[in-house]
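Bear in mind that the values in this text are calculations on the coordinates, not laboratory data. Predicted model only: the values in this text are computed from it and were never measured. Note that each Cβ is placed from the backbone with ideal geometry, even for glycine, and that neighbours are counted across all protein chains shown.
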Amino acid sequence: MVRIIETPQRTDTAHLLYAVGHLRQAFYALGQASAFESEALDVLAEVGLSREAIALSARRLGRARTALEVATGGLMQVAVRIEHDSFASISLERWQAGPDDLQVRTIMALARMFGGGQEVSLSGAERVREWMLAGRSRATTFAGCRFARRSKTVLVGREAGRVDAAPIDVTGKRAATINWDNRYEVCVPGALLPARVWPARACHGLRRPAEVPDFVWQGLPVVCAAQGQFTLAYEATAGRGNNDVPTFRLIHAPKRVHRAAGT
């Protein structure tokens, strides 16, 4: 049994947060995170919150969160385009038409999509929102992403300098799938093995498609095999439907699988 430190005998919200916060720290420090929930419920009961009341609040919060997620998805459908599973384009006019909180949540969702698993903070997203509304500098960074302003849009993609330039070796005789930069699942067919996966900025001689911004292109995965180099597919390129080329899937935005284009 872990006991929290003594606190003034208060039953207000401050005391509640103080007690539960110290209890959580104690259990996690002892590696007993699984026991935290039960002990937390006991502490909450001591300050007058029953399990039934907590369950009711949780259900209400769950409904509110679901509604916000649906609303955020609705704003993203009308204001955001995901281009080639590589970057996002935000229509400033349509994004600004949404409520403030949904604007912030859209920024956070895109940062999770393209930021490579970097921490996404509410305060950081609010800062980016202010930057987007102010219309001053051309670019800013947040949670592993670069936000680049255009005349009517803001482009969002991976901050290429944060992508590990070291190659990932893929070996074996059968198709293998790797997690690359916490953004993509890259599946390499057995016929192309052994192979290496690098960011485009570490490869020389690749031609960047005109519709892909340079800062985005530098942070995209490239599969290098004896048979050639393969990058993310674009709708106008060949290679779709070919089972002998790699496939790339954006992890945090489940969509159709994109076939690779050989170079």
- Direction-averaged shadow area of the convex hull around the Cα atoms of the range 101-208, nm²? 8.4 nm²
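For the range 72-161, what D do you get in µm² per second when you plug the Kirkwood radius from alpha-carbon pairs into Stokes-Einstein at 37 °C and 0.692 mPa s? Write down the numbers at each step before the final one.
Details: Rh = 12.7 Å.
Translational D for this selection: 259 µm²/s.
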- Message: Is there a quick way to get the dipole size of the range 147-233? I mean about its Cα centre, with the Cβ of Lys and Arg at +1 and of Asp and Glu at -1; what is the value in debye to the nearest 20?
- Response: 220 debye
- Which far-off residues, 5 or more places away or on another chain, put their amide H under 5 Å from the one on residue 145, with H placed in the peptide plane? 159
- Item | For residue 222, residues with placed amide H under 5 Å, excluding near neighbours | 198, 200
- the range 100-171, dipole about Cα centre (Lys/Arg Cβ +1, Asp/Glu Cβ -1), debye to the nearest 20: 440 debye
